[in-house]
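**Student:** Below: one structure in structure tokens.
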Amino acid sequence: MQPQLEDRRLQPILDKVGAGKRLAPEDGVTLYRSHDLLAVGYMANLVRERLHGDRTYFNVNRHINPTDVCVASCRLCAFGKKAKDPKAYTMSLEQVWEVAGQGYREAVSEFHIVGGLHPELTLDWYCQMLRGLKERYPEVHLKAFTMVEIAYLAQRSRLSIRETLLRLKEAGMDSMPGGGAEIFCDRVRRIICDHKITGDQWLDTARAAHEVGLKSNCTMLYGHIENEEDRVDHLVRLRELQDETGGFVTYIPLAFHPDNTPLQHIHRTTGFMDLKNIAVARLMLDNIPHIKAYWIMMTERIAQIAQRFGADDIDGTVVEEKIYHDAGATTSQVLRRDELLRLIREAGREPFERDTLYRPVERTEATFTVLV
Ligand code: V47
């Protein structure tokens, strides 16, 4: 059964989706401009079910942000602080190792580790941090450092990106999160994050990571000053790199949160825009296996509905979140495993607990009891 298209411009796109054909950049712009959200969502859901059936993936993870000290002053960010700011913090290695063990200690399958660009912490410090985590929590996957942190560490250590990645990998880094990509278009980047590496440098760093055997995620920050063409350009550049390396596992569209940033005059995104970004991503990124509706950023309500608009993942327990909460997120910082299960089941999906690389996680009684 096909939906009644309110927006007739979607017909050729529906035909391509039905035939499993790749969408062109112009199709992406048409999808973003259409108000026929149900038709866009229908098509995205078709692709999502083709790939993943009824499954919705989630994990039991913990975020760790070792420092918020950052030499960059990106206008989009409310998290980074200057070293002399009395509110800035940097954990000692012992604190990182201790924080890692707080909350669901026995059950966590992933630490998600990102922080600011600290002017003094060395590559050796980060390697020690990873080694210490592996020693204490050998079962836990370390998904660590954005492409931006890697490029900065390489520059400070006077090493190539590849060598920096190899040393971190050797110390225990298992894969990388998708943050810091923002939007690749230079015109927008100059305004929202002019101190960051360029879009091309982000992509080159991701390519280098994939080449040394590290999988990574990827993101796009939307809902600020970008337009539809900028978003499509971003998605197409991710798709092109994925054709080359196959190293991206999951794409996560990130809604801009303006509070406490120099861009706080910009309105927050709406549910309509959030769902549209999930759906268009599923349709354009035909070679990236997973689309994540990150509940912390979207709210539990929208992330749940997103499971019928193209998303197949809802992220995890998280436990402690700073980047979005510093920028005004009103969601909680933790969801218990059984709460995630309820959200997923109510959307008519089948919960599937995964590790970072989407392998099934088997729960024994012992690990299960700490989760409920
Ligand atoms: O890198 C920063 C963005 C990212 C704001 O890979 C902001 O599984 C909105 O990358 N409003 C961090 N966004 C989050 C991130 C992420 C989250 C969950 C899962 C994964 C994954 C990755 O958030 C930053 C930046 O792109 N960001 N400030 C803000 N005010």
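**Student:** Strictly under 4.7 angstrom between C-beta atoms: which cysteines of the chain have no such partner?
**Tutor:** C70, C127, C185, C218
**Student:** Still on this structure, I have one more. Under a crude label model (7 Å from the Cα following the beta-carbon direction), how far is Q333 from D15 in nanometres?
**Tutor:** Reported label-point gap for Q333 and D15 is 5.3 nm.
**Student:** Along the charge dipole of the range 8-370, pointing to its positive end and built from +1/-1 on Cβ of Lys, Arg, Asp and Glu, which listed residue (C127, N227, V47) has its Cα farthest out?
**Tutor:** Positive-most Cα among the choices belongs to N227.
**Student:** Report, in deg cm²/dmol and to the nearest 500, the calculated mean residue ellipticity at 222 nm for the chain, where each DSSP H run with n ≥ 4 adds -39500 (n - 2.57) and the sum is divided by the residue count. Write down the numbers at each step before the final one.
**Tutor:** Values: 16 runs with 159 residues, N = 372.
It lands at -12500 deg cm²/dmol.
**Student:** On to the next question. Restricting to Cα pairs below 8 Å that are 6+ residues apart, what does the relative contact order work out to for the chain? Please round to a whole percent.
**Tutor:** Reported as a whole number, the value is 23 percent.
**Student:** Continuing with the same structure: Please list, ordered by chain and number, the residues whose modelled amide H lies under 5 Å from the amide H of K81; skip anything fewer than 5 residues away on the same chain.
**Tutor:** Distant-sequence amide H within range of K81: V69, C70.
**Student:** So for the pair S73, T270, with labels modelled 7 Å out along Cα→Cβ, what separation do we get in nm?
**Tutor:** That separation, rounded to one decimal, is 3.5 nm.
**Student:** Turning to a different aspect of this structure: Using every alpha carbon pair in the range 119-259, what percent of pairs falls into each 10 Å bin from 0 up to the bin containing the largest distance?
**Tutor:** Percent of Cα pairs in each bin: 12, 41, 33, 13, 1.
**Student:** In the chain, if the dipole is taken from +1 on Lys/Arg beta carbons and -1 on Asp/Glu beta carbons about the Cα centre, which of L31, Q304, T250 is farthest to the positive end?
**Tutor:** L31
**Student:** Residue by residue through the range 316-333, what is 3J(HN,Hα) from phi via Karplus (6.51 cos²θ - 1.76 cosθ + 1.60, θ = phi - 60°)? Round to whole Hz and write x for glycine and proline.
**Tutor:** Running phi through 6.51 cos²θ - 1.76 cosθ + 1.60 with θ = phi - 60° gives x, 6, 6, 6, 8, 10, 10, 4, 7, 6, 5, 9, x, 5, 9, 6, 6, 9 Hz.
**Student:** Excluding F248 itself, calculate the net charge of residues whose Cβ lies under 15 Å from the Cβ of F248, where each Lys or Arg counts +1 and each Asp or Glu counts -1.
**Tutor:** -1
**Student:** Among the listed pairs K81/K143; K196/K322; K21/K169; K87/K134, which are separated by more than 27 Å between their Cα atoms? Working shown, then result.
**Tutor:** Working: K81/K143 23 Å; K196/K322 20 Å; K21/K169 37 Å; K87/K134 30 Å.
Pairs exceeding 27 Å: K21/K169; K87/K134.
**Student:** May I ask you to list the residues of the range 251-278 whose amide nitrogen lies under 14 Å from a point 7 Å from Cα along the Cα→beta-carbon direction of I191?
**Tutor:** 262-267
**Student:** If you don't mind, another one. For the range 55-61, what does the Karplus curve 6.51 cos²θ - 1.76 cosθ + 1.60, with θ = phi - 60°, yield as ³J(HN,Hα) per residue in whole Hz, taken in order and with x for Gly and Pro?
**Tutor:** Going residue by residue, I get 5, 10, 8, 8, 9, 9, 10 Hz, with x marking Gly and Pro.
**Student:** Please give the Cα centre distance for the range 138-167 versus the range 114-136, rounded to the nearest Å.
**Tutor:** Cα centres, the range 138-167 to the range 114-136: 10 Å.
**Student:** Would you grab the residues whose amide H sits under 5 Å from the one on L254? Only those 5+ places off in sequence or on another chain, please, with H modelled 1.01 Å from N.
**Tutor:** The list, which skips near neighbours in sequence, is M220, L221, Y222.
**Student:** Turning to a different aspect of this structure: Starting from the amide H of T56, placed 1.01 Å from N in the peptide plane, find each other amide H under 5 Å away whose residue is 5 or more places distant or on another chain.
**Tutor:** Here E350, F352 satisfy the definition.
**Student:** Based on the Cβ-Cβ distance from Q155 to E320, what FRET efficiency comes out when R0 is 22 Å, to the nearest 0.05?
**Tutor:** Step by step, r from the Cβ atoms, then E = 0.15.
**Student:** Calculate the dipole size of the range 8-370 relative to its Cα centre from +1 charges on Lys and Arg beta carbons and -1 charges on Asp and Glu beta carbons; express the result in debye to the nearest 20. Mind dumping the intermediate values first?
**Tutor:** Details: 49 positive and 52 negative charges, 76 e Å.
The calculation lands at about 360 debye.
**Student:** Working from the pairwise distances between different alpha carbons, so that the mean of 1/r is found and then inverted, what is the range 8-370's Kirkwood radius in Å? Display every interim value, and only then the final one.
**Tutor:** Working: mean 1/r = 0.0484 Å⁻¹.
Final number for the Kirkwood radius of the range 8-370 is 20.7 Å.
**Student:** Once the mean 1/r over all distinct Cα pairs of the range 281-372 is inverted, what Kirkwood radius in angstroms do you read off?
**Tutor:** Values: mean 1/r = 0.0701 Å⁻¹.
Here the Kirkwood hydrodynamic radius works out to 14.3 Å.
**Student:** Taking every DSSP beta bridge that has both residues in the chain, what percent is antiparallel when rounded to the nearest 5?
**Tutor:** Details: 2 of 29 bridges.
Antiparallel bridges make up about 5 percent of those DSSP assigns within the chain.
**Student:** In whole Å, how far is the Cα centre of the range 168-186 from that of the range 198-237?
**Tutor:** That distance is 10 Å.
Only the coordinates and a few stated rules stand behind these numbers; no lab work does. Computed from a predicted model, the values in this text were never measured in an experiment. All Cβ positions, glycine included, derive from the backbone under ideal geometry; neighbour counts span all protein chains shown.
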